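Rule-based calculations on the coordinates, nothing more; no lab input. Just so we're clear, the structure is a prediction, and the values are computed from it rather than from any experiment. Glycine also receives a Cβ, built like all others from the backbone with ideal geometry; neighbour counts cover every protein chain displayed.
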Amino acid sequence: MVPSGIEDVRPWRDWTTATDAVLQFLHRYLGWDVWLVSRVEGDRQVVLRAHPAGVVRVGTELRWESSFCRQMLAGNAPRVATVTAAVPAYAGRAIGPLEGIAAYVGVPLVRDTEFFGTLCGLASRAQPRSATRDLPLVEMSARMLSTLLTVGVQPPSIPAPRSHLTVA
């Protein structure tokens, strides 16, 4: 069926709706168990949005120091690890709440020139090496969300501390 008019390409009404659409798109087209957008504030990384819902709750937090995303941002590990156990900086972190993560893809989110948080995908099973070819799509999605942040579209505030990250 061919869409008529412009309804299917109307702008999203806010940052949360745009973020949810990005996460749903990435999940539908790239797979992986869960896609997240997080914000980093101080020593904690807090999940702002997640898809599919119920895998990781919004408000879930992780110590920034122990996160995969911190290793990626610091340049200690790649943005895509189809087998986290094969990447020393990730393998050493696959304990506690990160124990079930076998594959990771993550890209920073930026507001103006300041680090904001991350867009990431997690899987409980290793992914094929060909998944590294999908990185430009994840980077473009992160850049679009970063652009929305920069032009003043407001993300939700960080919720009060709750639970720790677990991936089913």
Inset, instruction - May I ask which residue of 35, 126, 108 lies farthest towards the positive end of the charge dipole of the chain, with charges of +1 (Lys, Arg) and -1 (Asp, Glu) on Cβ and the Cα centre as origin? - result: 126
Inset, instruction - Run the dipole for the chain about the Cα centre, Lys and Arg Cβ at +1, Asp and Glu Cβ at -1, nothing else charged, and hand back the magnitude in debye, nearest 20. - result: 240
Inset, instruction - Enumerate the calculated ³J(HN,Hα) couplings along the stretch 107-121 in order (Karplus 6.51 cos²θ - 1.76 cosθ + 1.60, θ = phi - 60°), each rounded to whole Hz, writing x wherever the residue is Gly or Pro. - result: 9, x, 10, 10, 10, 6, 10, 9, 5, 10, x, 9, 10, 8, x
Legend entry - Which of 36, 73 has the fewest Cβ neighbours within 10 Å, and the rest in rising order: 73, 36
Legend entry - In sequence order, calculated HN-Hα J values of the stretch 139-146 (Karplus, 6.51, -1.76, 1.60; Hz; x Gly/Pro): 4, 5, 5, 5, 5, 5, 5, 5
Legend entry - Estimated 222 nm signal from helices in the chain, with DSSP H stretches of n ≥ 4 weighted -39500 (n - 2.57), rounded to 500: -7500 deg cm²/dmol
Inset, instruction - Quick one: check the C-alpha center-to-center distance for the stretch 58-94 versus the stretch 9-43, whole angstrom. - result: 19
Legend entry - Amide H within-cut-off set for residue 100, under 5 Å, with H built and near neighbours excluded: 167
Inset, instruction - Quick one: grab Rg to one decimal and Dmax as a whole number for the chain, Cα atoms only, in Å. - result: 15.5, 51
Legend entry - 3J(HN,Hα) from dihedral phi, the stretch 41-56, Karplus parametrisation 6.51/-1.76/1.60, rounded to Hz, x for glycine, proline: 9, x, 9, 10, 10, 10, 6, 8, 8, 8, 9, x, 4, x, 6, 10
Inset, instruction - Would you pull out the residues with amide H under 5 Å of residue 109's amide H, same chain only if 5 or more places away, H placed 1.01 Å from N? - result: 116, 117, 118, 119
Legend entry - trypsin sites (Lys or Arg not before Pro), loop per DSSP, at most 15 other Cβ atoms within 10 Å - longest free stretch of the chain: 58-124
Inset, instruction - Go ahead and run the numbers for FRET between residue 41 and residue 91, Cβ-Cβ distance against an R0 of 25 Å, rounding to 0.05. - result: 0.40
